[in-house]
Amino acid sequence: MDKHGVGMSPALFCHVSGVGGHNDVLPHPILDAVKHGSAKGVPLLIGHNSDEFPGFFRLLLRSKGLPESFANAAVREIFKRGGVGSISTKAMLRHALGNQAVGDGALDDAACNEKLSVLRDKIATKYPNEDEHGVTRILVNTLASASSNLLARAQASTGADVFSYEIHLDSVDSPLGGNFHGLDLILLFGRKLYFEEKEWAMLCEHFVGSNDLTENFVRTGSVWRTGIVHFATHGTPGQAWSKSIGQDGIGDTTVLGSNGTFGVDSFGDVVVE
């Protein structure tokens with residue numbers, strides 16, 4: 001990360017406590033190190049997909065042949081009830097805050113519920129047209145992308161150029177799972193020339209439920225690759241992208257949509273903290 005950094009869902013607190021324990025991998029927690037300038041001046045391109053974990057669950061169910069209505073209802077009910085296991089809303093909140101301890105120092109359920117309620121209210125205010133299920137979907141994605149956003153804010157606070165993105169394809173271009181966890185990699189590498197015919201057919205069938213990707217999907221992938229290559233060589237993804245986030249952690253997120261279209265959303269007004 002000495003020239004240009006591309007980050008996707010970093011694990012900011014996994015085995016990097018920096019207190020000299022046997023499980024330490026790095027001398028300091030990543031987030032603390034970045035805040036204190038370990039990558040000062042290094043541009044960063046970082047972001048997420050618009051439906052990370054619910055979309056991934058939906059993809060798994062649909063790829064097994066389950067009807068769309070059943071998959072959608074099942075995923076909606078799972079997250080209406082607070083998620084499950086390591087991707088429950090409470091577990092994701094604790095992970096985002098680096099608080100996965102048990103016992104003294106742990107963030108208890110009451111504190112989790114209070115923080116989640118505040119987040120839900122902020123989301124409902126920002127997106128007044130969303131119903132309860134829509135607010136829940138955005139809440140889950142806010143938690144899923146919290147590590148990326150925390151790292152973006154930390155690096156921006158040092159004065160570096162930080163560019164935030166969100167990938168949001170139309171449902172017709174990603175019909176099985178929507179904008180699920182990992183979609184950005186498929187967009188990046190989803191070109192026939194990289195695969196044998198049988199491999200390509202398997203990839204398309206598993207991830208989009210057809211024997212090929214739509215033209216809009218492929219065009220978005222081309223724009224996505226162009227942005228990454230431009231960033232890797234120039235430290236900026238290109239003129240069509242939103243400006244970098246300010247040192248105060250406030251700015252814009254570039255929304256990359258179907259057919260390679262660009263949109264914009266605000267960054268920093270709904271924060272996990």
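Every read-out reported here was derived from the displayed coordinates using simple, explicitly stated rules and does not represent laboratory data. Note that the coordinates shown come from a computational prediction; the quantities given were computed from them, not determined experimentally. Backbone-built Cβ (ideal geometry, glycine too); neighbour counts: all protein chains shown.
Side notes on the structure shown:
- Relative contact order (percent, whole number), the chain, Cα cutoff 8 Å, 6+ residue spacing: 24
- Selected from Val135, Val255, Val118 as most flexible by GNM, with the chain as the system and alpha-carbon contacts under 10 Å: Val118
- Shape call, region 118-210: gyration tensor on alpha carbons, a/c limit 1.5: oblate
- Computed magnitude of the charge dipole of the chain (debye, nearest 20; Cβ of K, R +1, Cβ of D, E -1): 180
- Exposure proxy order (Cβ contacts within 10 Å, fewest to most) of Tyr194, Tyr127, Tyr165: Tyr194, Tyr127, Tyr165
- Structure remark: mean-square fluctuation, Gaussian network model of the chain, C-alpha springs under 10 Å; the largest value among Phe79, Phe53, Phe195 belongs to Phe195.
- In this simple spin-label approximation, Lys198 and Thr233 carry label points 7 Å from Cα along the Cα→Cβ vector, and these lie 3.7 nm apart.
- Report summary: the helix-based calculation at 222 nm, which adds -39500 (n - 2.57) for every DSSP H run with n ≥ 4 and divides by the residues of the chain, gives -13500 deg cm²/dmol.
- Residues whose amide H falls under 5 Å from that of Val264, counting only those 5 or more places apart or on a different chain, are Val255, with hydrogens built in the peptide plane.
- Förster radius 30 Å - calculated FRET efficiency between Thr226 and Asp265 (Cβ-Cβ, nearest 0.05): 0.90
- Of Lys40/Lys122; Lys64/Lys115; Lys35/Lys126; Lys35/Lys243, pairs whose Cα-Cα distance is over 26 Å: Lys40/Lys122; Lys64/Lys115; Lys35/Lys126
- Going by neighbour counts of Cβ atoms within 10 Å, the residues Arg153, Arg76 line up, fewest first, as Arg76, Arg153.
- 5 angstrom amide H check on Leu45, placed H, neighbours 5+ away: Gly5, Val6, Gly7, Phe163
- Paramagnetic reach from Ser86 (point 7 Å along Cα→Cβ, amide N under 17 Å) across region 125-154: 143-148
- Point-to-point label distance, Tyr127-Glu205, nm (Cα→Cβ direction, 7 Å offset): 3.4
- Beta-bridge orientation, the chain: approximately 30 percent antiparallel, per DSSP, counting only bridges with both partners inside.
- Each label was represented as a point 7 Å from its Cα along the Cα-to-Cβ direction; for Asp212 and Ser171 these points are 2.5 nm apart.
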